[in-house]
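Everything below concerns the one structure shown next.
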Amino acid sequence: MQASFPTSLIALFWLLSVLAPLQSQDIFETQTVEDIPCAPLIGNIGARHTQSLNGTWNALIDPSVFSLNDRFHYLERNYKPEPSELVEANLEDGLTLRVPGDWNTQDTRLVFYNGKVWYKRDFYVKKKDNKRYFLHFGAINYKAQIYVNGEHVASHTGGYTSFNCEVTKVLKEGENLLVIKVNNALTSDDIPTTSTDWMNYGGITRDVDLVEMPAQFIRNYKIQLAPKSIDRIEGWVNLEGMPTGSVNLEIPELNIRKTFPVTDGRARVSLDAKPELWSPEQPTLYTVRISAGPDAVEDQIGFRTIAVEDGQVVLNGKPVFLKGISIHEEAIGANGRASSEREAAELLTYAKELNCNFVRLAHYTHNEYMARQADKMGILVWSEIPVYWSVNFASPAVLEMAKTRMDEMIARDQNRASIIFWSLGNETPESEARNTFFGNLNKHVKSLDDTRLTTAALIFNEEIQAMARDYYFPTLAGKEFDVWDIEINDPLAEIVDVAAINQYFGWYYSGFLAAAANLPPYQARKTMLENIPKIRFHVRNNKPFVFSEMGAGAKRGKTADEEDLVVYSEEYQAKVYQNQVEMVKQQSGLVGMSPWILKDFRSSMRLYQGVQDYWNLKGLITDNGERKKAFFVLQDFYGSWGAPTVGLKH
């Protein structure tokens, strides 16, 4: 006893000395992890020297607000205790998750989960001298903290854009440890906020790669036709570690080989060329090779022009009508998030079957495979960031967040000929703060890319009230009208190049109008449905517009007599499409449409049990790809119309 007492006393003193700085209020205080910026994006990651880190990862669900890991950081370093050592967390011997993939569809505990999940995997590297190493992530939703061999190397916020971080200094020869803390919880100061009509899929939802680069390398580039030119290619090449020197550009099919000087790590590209122009009818892509110093990269790039002229959208100097469909980034089948080239091709193949030449990729930036497949398949694209519904428009920090989302989207996809629209947002309520926000965001986009158009989807408010007052209720009282005129007065329509209107005549409006007038639901719905073909939209200053959303819901296999107007029946959805098509044919200034939506998609706000069951059912196909009756209505309309060259009503 006498021999052990001093040892125990020493141990006690040591424990007290360790705990002394950790006062009781600090032990249980949530620790803040300092964000570490990512490196600038490396463009065209698929053409670089990469090692895939996709596969099965260890994972741990962490629903806690506070845990001892916040203080002792067991998980970040995958700490493995001695048999007699007490720890409260570990990353192995439990849950595993597929990467890429959302966690919602992989474990029943995570279906509606919003919070933290830790991911871990080991990987082997044969490290080379004079090389630099980066981790590239196609997307992680929503916040990510990246740890390599226990070192915090990067942070990223935003669930739908690519990012990368350099790991050269922390990477070891042989086995390495990668741990990622993912948190998909959203707040009112995020983009998007907590209010979204789609599943907030959490996890590492896109590819993960280790990228090996030379010490001096090509960071990114833009090679496109100059605005309003069909015979002048312009652009730039950004270099890393090469402040001076030269860049070589080759386009073998055009017999082009040019050299451009580098100043401050950037080469400006300008040359005469006469490429065959990319279009939906002939989606020509050219091999473009760029080399500088020890590095080279190759891409497939199409060349086309897009502009607004005389109230029309003009592709390669000719007006084009956009025969489109909206798409969420959900795979056909039970996989949740679409994350592969095959899944992208499958979704776009359905769009081609509809006779589409255009898709709206809503309501966030889709994976890179979608735009590259659209390039190959000849489909024009609307690409968007998730400024959705009511974000905090008065916050300078939120505006900077939106600019960052745009920066990341454009940096990845600026060479995709298929993309003609950068969309600023969707269905945002009008206010002075919102108008200022979008004015600033639009200017920012134009400063990054002047070769494409901007747009944003508008939502009705005062316009619906005016329509009800001037036409709907008088019609119920027996008055007849040849047309129902709707004036779009939203200032956002004047900020962007092409206005976009989300309208759901035949679906949403009848319900609240029936309640306001104390009408039987059938009468209210019948009156609206019958008068859809009379509706005419008018946007100020001859601004061209598209119907960015329109449609109705249907549960596949639910049938009813068409005249009974049974909502969620396939017959009613098809009837809404038929009447909307008749209305579309009469519009002046309409340059396209992207009805809502290609496929049924998961949404936690759709609570009608026995019908919706957490699905938005406005798809023209089911989750498994079964076609509803409305699919064929739209297919026939697009097919019979051919390729109109301007708004449908001249």
Per the list (1) modelled with pLDDT of 95 or more; (2) over 15 Å from THR455 (Cα atoms), residue check on TRP389 breaks on (1)
Is it the case, given these coordinates, that LYS258 is over 22 Å from ARG416 (Cβ atoms) and either among the basic types (Lys, Arg) or under 31 Å from the mean Cα position of the chain (by Cα) (or both)? yes
Check every one of the helices (runs of 4 or more DSSP H) wholly within the stretch 479-588 and list those with 1 or more residues that are farther than 25 Å from TRP641 by Cβ and either in contact with a Phe, Trp or Tyr (Cβ under 9 Å, 6 or more places away or on another chain) or in the same structural domain as LYS628 (by TED's automatic domain parsing) (or both). 492-495, 509-517, 521-531
Determine, yes or no, whether ALA362 is of a type in the set (Gly, Ala, Ser), assigned by TED's automatic domain parsing to the domain that holds ILE501, in contact with a strand residue (DSSP E or B) (Cβ under 8 Å, 6 or more places away or on another chain) and at pLDDT 95 or above. yes
Of all the strands (runs of 3 or more DSSP E) wholly in the stretch 41-127, which have at least 3 residues that are touching a residue at least 40 places away in the same chain (Cβ under 8 Å) and touching a Phe, Trp or Tyr at 6+ places or on another chain (Cβ under 7 Å)? 55-62, 96-99, 116-125
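Answer yes if at least one residue in the stretch 479-498 is free of Cβ contacts under 8 Å to residues at least 40 places away in the same chain and more than 24 Å from SER594 (Cβ to Cβ), and no otherwise.
There is at least one residue in the stretch 479-498 that is free of Cβ contacts under 8 Å to residues at least 40 places away in the same chain and more than 24 Å from SER594 (Cβ to Cβ).
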Taking the residues in the stretch 545-566 that are under 22 Å from ASP613 (Cα atoms) and touching a residue at least 60 places away in the same chain (Cβ under 8 Å) as candidates, determine which candidate is surrounded by the fewest Cβ atoms within 10 Å (Cβ to Cβ). ARG556
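Listed here are the residues, each with its yes/no results for (1) under 25 Å from the mean Cα position of the chain (by Cα); (2) of a type in the set (S, T, N, Q); (3) at negative phi.
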| site | (1), (2), (3) |
| --- | --- |
| ARG289 | no, no, yes |
| ASP299 | yes, no, yes |
| GLN312 | no, yes, yes |
| GLY317 | no, no, no |
| GLY324 | yes, no, yes |
| ARG342 | yes, no, yes |
| TYR350 | yes, no, yes |
Give the stretch 79-106 a look and list any residue that's buried (at least 18 other Cβ atoms within 10 Å of the Cβ) and among the acidic types (Asp, Glu), or say none. ASP102
Single residue of SER418, SER423 found to be touching a strand residue (DSSP E or B) at 6+ places or on another chain (Cβ under 9 Å), surrounded by 24 or more Cβ atoms within 10 Å (Cβ to Cβ) and within 26 Å of ILE290 (Cα to Cα): SER418
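So that you can scan it fast, the table gives a plain yes or no per residue for (1) among the polar types (S, T, N, Q); (2) under 21 Å from PHE217 (Cβ atoms):
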{"residue": "LYS127", "(1), (2)": "no, yes"}
{"residue": "PHE137", "(1), (2)": "no, yes"}
{"residue": "GLU175", "(1), (2)": "no, no"}
{"residue": "THR193", "(1), (2)": "yes, no"}
Does ALA351 satisfy the condition of being closer than 30 Å to GLY589 by Cα, in the same structural domain as ALA402 (by TED's automatic domain parsing) and either of a type outside the set (A, V, I, L, M, F, W, C) or crowded, with 24+ Cβ neighbours inside 10 Å (or both)? no
Would you check if there is a residue in the stretch 161-179 being at pLDDT 95 or above and touching a helix residue (DSSP H, G or I) at 6+ places or on another chain (Cβ under 6 Å)? yes
Log entry, pairs with first residue in the stretch 174-202 being under 19 Å from SER155 (Cβ atoms), second being part of a loop (DSSP other than H, G, I, E, B) and of a type in the set (D, E, K, R), beta carbons closer than 6 Å, six or more apart or on different chains, reads VAL179/GLU76
With the stretch 243-312 as the region, which strands (runs of 3 or more DSSP E) entirely inside it contain at least 2 residues that are at pLDDT 95 or above and of a type in the set (Lys, Arg)? 256-263, 266-272
Residue hits (the stretch 499-544; small (Gly, Ala, Ser), within 33 Å of the chain's Cα centre (by Cα) and surrounded by fewer than 22 Cβ atoms within 10 Å (Cβ to Cβ)) are GLY511
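Please work out which residue is surrounded by the most Cβ atoms within 10 Å (Cβ to Cβ), limiting yourself to the stretch 265-282 and to residues that are in contact with a Ser or Thr (Cβ under 8 Å, 6 or more places away or on another chain) and not aromatic (Phe, Trp, Tyr).
In the first step, residues of the stretch 265-282 are kept if they are in contact with a Ser or Thr (Cβ under 8 Å, 6 or more places away or on another chain); the result is 267, 275-278.
Those still in the list that are not aromatic (Phe, Trp, Tyr) too: 267, 275-277.
Details: ALA267: 24, PRO275: 20, GLU276: 14, LEU277: 18.
Among residues in the stretch 265-282 that are in contact with a Ser or Thr (Cβ under 8 Å, 6 or more places away or on another chain) and not aromatic (Phe, Trp, Tyr), the one surrounded by the most Cβ atoms within 10 Å (Cβ to Cβ) is ALA267.
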What number of residues within the stretch 426-460 are more than 24 Å from PRO227 (Cα to Cα) and either in contact with a strand residue (DSSP E or B) (Cβ under 6 Å, 6 or more places away or on another chain) or assigned to a loop (DSSP other than H, G, I, E, B) (or both)? 10
Condition first: among the β-branched types (Val, Ile, Thr), assigned to a loop (DSSP other than H, G, I, E, B) and over 24 Å from MET409 (Cβ atoms). Can you find one or more residues in the stretch 327-336 that meet it? yes
Answer with yes or no whether GLU582 is among the acidic types (Asp, Glu), surrounded by fewer than 18 Cβ atoms within 10 Å (Cβ to Cβ) and in contact (Cβ under 8 Å) with a residue 40 or more places away in the chain. yes
Could we say that PHE473 is crowded, with 16+ Cβ neighbours inside 10 Å, modelled with pLDDT under 95 and either within 30 Å of SER383 (Cα to Cα) or not polar (S, T, N, Q) (or both) here? yes
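The values are calculated or read from the model by the stated rules, or taken from the named source; none is laboratory data. Every value quoted in this text rests on a predicted model; they were computed, and no experiment measured them. Glycine gets a Cβ as well: all are built from the backbone with ideal geometry, and neighbour counts include every protein chain shown.
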